[in-house]
Every structure is written in C-alpha cells, then in structure tokens.
Amino acid sequence: MDWNGFAGNVLYVDLSAGELESRPLSRDLCEQYIGGLGGCIRLAYENITPGTEPLAPENPVIIGAGPLVGTSVPASSRVYGMTRLPQSRSVGWCGAGGVNFGAFMKYAGFDFLVITGKSDRPVYLDITGDAPVIRDAGSLWGMGVEDACRALWEKHGRPAGVLGIGQAGENQAAYAMAFVDRLSTMGRGGFGAVMGAKNLKAVIARGMNGITVADRKAYKKLTKDLFENIRNYPYLKEWQDLGLMKSLPIISKEEYSEAKVRRMACVSCPIGDKDIIRVSGLIATSSSAMNLYVPTIFGMKDHKEAVTLMTMLDGFAMDMFEFFAAVGFAGDLAVAGIISSDEATPPIDLTKFESMKIWAEKTAYRQGLGDLIARGLDAILERCGPEAAPYLPYKVKGMMPYAGPKAPLPWNLFGTMELGQILDPRGPHVGSGGSPTYFAQRPLEVFPKHLKRMGVPDDALDRILPGWREGAPTDLNIGRLLKYSHRWFTILGSLGVCARAQINRFYNYDLCSDLYQAVTGIPAQGSDLGDRADAAWALLKIINMREGFGRKDEEPPAKWFEEPPFCNYLTGKPITPGEVGVMIREYYAEQGWNPETGAPAMPAD
Ligand code: SF4
C-alpha cells in the first residue's frame, strides 16, 4: 500500500524472545484515530491485557509519531508513548518534544514501536541500519542519560535520535522518566521504570527514507502561509529569546540572559525552548532553563547549587516534581518522628544542596530510605500508616498534581488545566488541559476567538460562554470547556504538532484538518478530526476503566479546599468540593459520557 504522511509500518519487538517483526500499519487505525497519540492509544487498547502489572514483561512500551512528524510543518516533532505506568497504575500517554527522534524513527520506516518482554541482559534497540537490531547495552548500563546518549552517538554517528533512560529507570524508581536526545523529558509516572524493567536502556533511530505527502501543492501553500504567520508574529523574537521563561519567569530575565549560552530546538521548530546555560562555570542542558531552577521553588537559595541538583536529577532521569514531593513527605514524617532519624540520615532538607544531593542518589539507586522514596507517595503512606496522612501533599492517582495554591506551580485559579489534573485518565498533568484559562482572569470577551481556533462549535460555545453571541459573555463553564482542551490536545498530539502555548497559538482547527488531508490524503473536513480525537480520548478513558479506574478516582484532593484554597477563575472566591463535582458532571455530559460514572460508550469494533 502507498502511504503519504505515514511510514507505513509498526515494529513489534519481543525482548524476551529477542524477536523483531515489522508489520504493515493498519489503514483503519489512521483513519479512525489520526495517528501519533491517537494511534498509540489504539495500540494500547489492543496490546495491553487488562490487569497487566506495570513492571511485568507483558506491559508494552508503545512509541509513536504522527503523520506530520518528519515533514517541514513547523514544530511537528512530537513523540508519544503509552504504557501502564507504575506510579499512577493508569495506562497513560507520555509526550515529548521529539527533537530528532520521531522524524528519524519514521525515516527508518516505522510510525510506531510496540516493545514487550524482558531481555535477560541490558540491551538497546538499534534502528539505524538496514534492519532493526537488539544490541548489548552492558557498557551503557549505569550511565546517566547524557553519557549514554553521547556514547550511542559516538558509536552510531550523528545525527540520530535517542530515547533513553538513566539510573532511576534502570532501578525502576516509580517516577523514572525517559529522555529524548538527552533534552526532552518523557513520561511522568514512570515510563522510564517500565523501560528499565525490560532491561531496555535506549532506542536509537536514523533513517533516510523521508516522508511523502499526498497533495504537494496544498501542503506547500499551507506550510508557507504558516511560516509567514509565525515570522510576522510581533512577539516572535521575545519567545525565541526567552522560551518558557517568558510565561513562567522563575528567575529574572537579566539573570537568564547572562546564563544563556544558546537555545536549541526540535527539528522544524522555529522558536525552540531547549537551553544550554552556564552558571558560575557550570554548563547545563535542559528541556527548558526553567526546569533547572525548580529547586529554588523548594527553598534552595544558591542558583548554582539548584542547577547542579537538577542536572543530577536529569542525569538519573527522575521526575523532579515527584522526587521533591516524595522526599519532602519523607522529610516531614522524619521531623514528626513517624520515620526514625536513623533512617532519615542525613536529615532531609529541601533547602540544602548537600542533603538533596545525597537523597537524590539514594533514591535513584534505591538505597536505604531512598528505596521507599523511590516508590512514591502511596508507598510511603502505606508503610507509615494513617498517622502519616496529615503530612501528605496533594495527591491524585498516587502522584502530585503540580499546579495548585501550595504546589510547585502556585496557580490558585481553577481553570481547565487545574481541573484537568483530576480528569486526565493518565493521572495529574496540566499538559492536556490547555485553554485560554492558562492566563489568569482574562476578560471573557477574548475567549470566543481562542475557542473557535481550538474548534469549539457554536452550540458548545452557548453552553461554555452564555451571552457570547451578544458579545457580552456572562459566565464560563470550566467543565464543559475542558472537553475541548482534551480534544485540541489530542488533535495536535495525533498529528505530531507541539502543544506548547508558543507553538499551538499559530494553529487552528481548520488548518489542522487541511494539513492532515494534504499530507495523508485521508479526508478530514468539518467535524472529522474532532470526532476522531474524541474517539481516541474516550478510548483512553475506556482502557483505564478496564483497569478499575472510575468516578472514585476523579475526586479532587481535600487539601485543594484548605487554606490557601483554589479559587473560582472568574470571581476569585474559594471553590467548594460541590462546585468541582458539578464541573466533573458537566465535563462528562459534554463528552457524551455517562454523567454519573463518566463511562464512554464502547467503540464499535
Ligand atoms: S516549543 Fe520546544 S518542545 Fe515544542 S517543538 Fe519547539 S523546541 Fe520542541
């Protein structure tokens, strides 16, 4: 079959048997679920047997890149993964700015990888030659992400895309992540631990095939117009200069400018927000300089020490927010005498570099109390019993929702990203809940143009923004709006477009439909793309309901309502559990799911 936009193959790898098999990509999967994120969800539905333990060999690691990945469409580099995650125990999407990896995986002939089994020794998957090969990774095992990535580049040459894990993944810490090209984080909730449980250190990909497009003339015009639109954006230079520091200024612009060595970008991204910085002689790379200063949120004053600690955590490939939540929880329990001071030696102090350095190592290598910390919030609570509960940070599905009045991202207004932390089936993540509520207390009059860009139909706008037709909206329905955040996120992710605010502002629903059709040749007009994205998101929910998740798991944490509480996006007044309950029902209703249980209808096949 001739393919446009897709490479046309899925690589199935059984690490237990050491077998690899390339199978043709299903045309139905592409037509019904778009590709990329949607395709990964469909493959998870087919390949994850309900009840599979996250770290069992049978749990597949599924990796996919959408039909625009590998084309010249701006910022179309996004890579997605799916697996059953050890920390949340949910089946969750994991996304990353794919740098080179997604494009090279497709150029090598594969839209998706489905990796099952467990090797009897450390290995990596090599997709750089004529045929994929499983290779010995004995010399890479024990290396941090950066060193392992560089060793693979040295052996196989550059350019090549590398998806790899650090020591935290090797030791199956519950919140170990994977990194793409040593820069982009992938997989809150333990994607890296699942790779580690398979003895899979990395995947390296490079191919030369390129990607064909169905309607070259339409594709060229759409892409040219899009680049022109980006070039004419008045704040382009500011975004190029500051990246995420523009919207989340964790340090001053002056300090950032002084530290910045250079910016890096995913392939085809005209903005770029990956950073190399220098702080007092220390060179550090990151998916964003903002991440490198996260320890300052927890009270670490010295910026060089903060960056050094983050470089360690990134090397181990350990989720910073979950690490700080778990180690902070253990530290509070030690102060309260619930964990003995013998165990908690040296004392856990999030403000002190020497303490955190040791606890980061103990956690990544699972030593002493570090073993418990590496298992996450639920494990600590289970071992320490009910008397530990008052010290527990916010928690949803075993993980810390990282946006909230007392969370690392101290956002106190309850918009779609905040509600999305309990309604994304994968567990707490703000990534899928984007909408204009990202910015605090925007005037309602500006919402219609943004919502129309996301493809919200007029009849839904009536429910979300009553009064919008008269130009004077009177209310904002966060629950109903969240459905369209999830739809928009799924469209972008399934195409392979970056969802970050500085990129997705240039895309709109009709453009996505036109690009998809021009690139793949698969018809996508009117509600087609939205319907397919909704089907994929509903399937993600169904997969998780198969694992036993339901309405009970979507309760907001009680601490969201304690001082200082989350507040209503419009009025700024504290929200109540009852109001959040109404938002949840409205969300289910807008999705067309059972308004009480949140159960979608099963897919037709
Ligand atoms: S904004 Fe960042 S993550 Fe997104 S495509 Fe550009 S460099 Fe990659």
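Got a number for carbon plus sulfur as a percent of segment 9-205's accessible area, 1.4 Å probe? Kindly include the intermediate steps, with their values, before the conclusion.
Numbers: 2280 of 5270 Å².
Roughly 43 percent, rounded to a whole number.
Roughly what % of DSSP beta bridges within segment 9-205 run antiparallel, to the nearest 5?
Details: 34 of 44 bridges.
Counting only bridges with both partners in segment 9-205, antiparallel ones make up about 75 percent.
For the chain, what is the relative contact order in percent, using Cα pairs closer than 8 Å and at least 6 residues apart in sequence?
On the way: 1338 pairs, mean separation 94.4, N = 605.
Once divided by the residue count of the chain, the mean separation gives 16 percent.
Express in nm, to one decimal, how much length is gained between Asn209 and Ser22 on full extension, taking 0.36 nm for each residue of separation and deducting their alpha carbon distance. Don't skip to the end; give the middle numbers.
Numbers: separation 187, 0.36 × 187 = 67.32 nm, distance 1.59 nm.
Full-extension gain reported as 65.7 nm.
When ligands, DNA and RNA are left out and all protein chains stay put, how many square angstrom of accessible area per residue does segment 465-597 have with a 1.4 Å probe? Could you put the intermediate results ahead of the total?
Working: 4730 Å² over 133 residues.
Value for segment 465-597: 36 Å² per residue.
Alpha carbon centre of segment 388-423 versus segment 189-228: separation in Å?
32
What does DSSP give for the chain in terms of the percent of beta bridges that are antiparallel, rounded to the nearest 5?
Details: 46 of 59 bridges.
Given both bridge residues lie in the chain, the antiparallel proportion sits at roughly 80 percent.
Say each of Asp531 and Glu470 gets a label point 7 Å from the Cα, pointing the same way as Cα to Cβ; how far apart are those two points in nm?
Label at Asp531, label at Glu470, 3.5 nm between them.
Hey, got the dipole for segment 9-205? About the Cα centre, +1 on K and R Cβ, -1 on D and E Cβ, debye to the nearest 20? Could the numbers behind the result be given before it?
Working: 17 positive and 18 negative charges, 80 e Å.
Computed about the Cα centre, the dipole is about 380 debye.
Using alpha-carbon positions, what is the distance between the centroids of segment 339-354 and segment 572-605, in Å?
42
Under a point-charge model restricted to the Cβ atoms of Lys and Arg (+1) and Asp and Glu (-1), what is the dipole moment magnitude of the chain relative to its Cα centre, in debye to the nearest 20?
Details: 63 positive and 68 negative charges, 257 e Å.
For this selection, approximately 1240 debye.
Taking the Cβ of Ala518 as the center, what net charge do the other residues with Cβ under 11 Å away carry, scoring Lys and Arg +1 and Asp and Glu -1?
On the way: positive: Arg216, Lys217, Lys220, Lys221; negative: Asp215, Asp514.
Net local charge, Ala518 excluded: +2.
Of the beta bridges DSSP finds with both residues in segment 120-275, what % are antiparallel, to the nearest 5? Kindly include the intermediate steps, with their values, before the conclusion.
Working: 16 of 21 bridges.
Bridges in segment 120-275 that DSSP calls antiparallel: roughly 75 percent.
Rounded to a whole number, what is D in µm²/s for segment 4-82 from Stokes-Einstein with the Kirkwood radius over alpha-carbon pairs (10 °C, 1.306 mPa s)?
Details: Rh = 13.6 Å.
It diffuses with D of about 117 µm²/s by this estimate.
Given the Cα-Cα distance of Glu254 and Asp136 and 0.36 nm per residue of separation, how much length would full extension add, in nm? Present the calculation step by step, with values, prior to reporting the outcome.
Working: separation 118, 0.36 × 118 = 42.48 nm, distance 4.62 nm.
That pair, Glu254 and Asp136, stretches by 37.9 nm at full extension.
May I ask which of Lys274/Lys304; Lys201/Lys357; Lys155/Lys274 have a Cα-Cα span longer than 21 Å here?
On the way: Lys274/Lys304 19 Å; Lys201/Lys357 24 Å; Lys155/Lys274 25 Å.
Correct reply: Lys201/Lys357; Lys155/Lys274.
Rounded to the nearest 0.05, what FRET efficiency do Leu282 and Lys237 give with R0 = 41 Å and r taken as the Cβ-Cβ distance? Could you check? Show your work: numbers first, answer last.
Details: r = 28 Å, r/R0 = 0.67.
Efficiency for this residue pair is about 0.90.
Can you give me the % of accessible surface on segment 229-388 that is carbon or sulfur? Probe 1.4 Å, all protein chains present, nothing else counted. Could the numbers behind the result be given before it?
Values: 3450 of 6700 Å².
That share works out to 51 percent.
Using the crude model of +1 on Lys and Arg Cβ and -1 on Asp and Glu Cβ, and no other charge, please compute the dipole size for segment 493-561 relative to its Cα centre, in debye to 20. Kindly include the intermediate steps, with their values, before the conclusion.
Details: 8 positive and 9 negative charges, 62 e Å.
Taking the Cα centre of segment 493-561 as origin, the dipole is about 300 debye.
What number, in percent, do you get for the relative contact order of segment 362-471 if the mean sequence gap of Cα pairs under 8 Å and at least 6 apart is divided by its residue count?
Numbers: 108 pairs, mean separation 14.1, N = 110.
About 13 percent, as a whole number.
Of Lys253/Lys452; Lys224/Lys253; Lys237/Lys395; Lys198/Lys483; Lys352/Lys406, which pairs sit farther than 30 Å apart, going by alpha carbon to alpha carbon? Don't skip to the end; give the middle numbers.
Values: Lys253/Lys452 33 Å; Lys224/Lys253 32 Å; Lys237/Lys395 38 Å; Lys198/Lys483 35 Å; Lys352/Lys406 20 Å.
Those over the limit are Lys253/Lys452; Lys224/Lys253; Lys237/Lys395; Lys198/Lys483.
What's the longest bit of the chain with no exposed GluC sites (Glu not before Pro), using DSSP loop states and at most 13 other Cβ atoms within 10 Å as the test? Numbers along the way, then the final one.
Values: sites that count: Glu343, Glu562, Glu596.
Result for the longest clean stretch: 1-342.
With the Cα gyration tensor of the chain giving a ≥ b ≥ c as the square roots of its eigenvalues, does the rule (a/c under 1.5 for rounded; else a/b larger than b/c for prolate; else oblate) give rounded, prolate or oblate? Write out the running numbers ahead of the final one.
Numbers: a/c = 1.34, a/b = 1.07, b/c = 1.26.
Taking the square roots of the gyration eigenvalues as a ≥ b ≥ c, the chain is rounded.
In nm, what is the difference between 0.36 nm times the number of residues separating Glu445 and Arg585 and their Cα-Cα distance? Please report the intermediate quantities before stating the final value.
Numbers: separation 140, 0.36 × 140 = 50.40 nm, distance 2.55 nm.
That works out to 47.9 nm of additional length.
Looking at the chain, do any whole DSSP H helices span at least 18 angstrom along their long axis by alpha carbon and average 1.0 or above on Kyte-Doolittle, and which? All intermediate terms of the calculation are to be shown ahead of the outcome.
On the way: long enough: 216-231 (22 Å, -1.27); 303-316 (20 Å, 0.31); 320-335 (22 Å, 1.54); 478-495 (25 Å, 0.31); 528-546 (27 Å, 0.07); 577-591 (21 Å, -0.46).
Span-like helices in the chain: 320-335.
For a Förster distance of 30 Å, can you work out the FRET efficiency between the beta-carbons of Leu350 and Lys155, rounded to the nearest 0.05?
Values: r = 39 Å, r/R0 = 1.29.
For R0 = 30 Å, the calculated efficiency reads 0.20.
Can you classify segment 538-605 as rounded, prolate or oblate using the Cα gyration tensor, where a ≥ b ≥ c are the square roots of its eigenvalues, rounded means a/c under 1.5, and otherwise it's prolate if a/b beats b/c and oblate if not? Write out the running numbers ahead of the final one.
Working: a/c = 3.48, a/b = 2.09, b/c = 1.66.
It comes out prolate by the Cα gyration axes.
Can you give the log10 of the normalised intensity I(q)/I(0) at q = 0.11, 0.12, 0.19 Å⁻¹, computed with Debye over equal Cα scatterers of segment 9-205?
Log10 I(q)/I(0), no solvent term: -0.41, -0.49, -1.39.
Once Lys and Arg get +1 and Asp and Glu get -1 on their Cβ, which of Gly427, Phe561, Tyr588 lies farthest toward the positive end of the dipole of segment 413-591?
Of Gly427, Phe561, Tyr588, it is Gly427.
Before I look further, what does segment 9-205 give for accessible area per residue, probe 1.4 Å, in whole square angstrom?
Counting only protein heavy atoms, the per-residue value for segment 9-205 is 27 Å².
How big is the gap, in Å, between the Cα center of segment 93-158 and the Cα center of segment 494-515?
28
Given a Förster distance of 45 angstrom, what is the FRET efficiency for Thr571 paired with Lys220, based on the Cβ-Cβ distance and rounded to 0.05? If you can, show how the numbers build up before the last one.
Numbers: r = 48 Å, r/R0 = 1.08.
The formula returns an efficiency of 0.40 here.
The values are calculated or read from the model by the stated rules, or taken from the named source; none is laboratory data. The shown structure was predicted, so the numbers you read here are calculated from the model rather than taken from an experiment. Note that each Cβ is placed from the backbone with ideal geometry, even for glycine, and that neighbours are counted across all protein chains shown. The accessibility values were calculated without ligands, DNA or RNA, using every heavy atom of the protein model including side chains. Shrake-Rupley method; radii C 1.70, N 1.55, O 1.52, S 1.80 Å.
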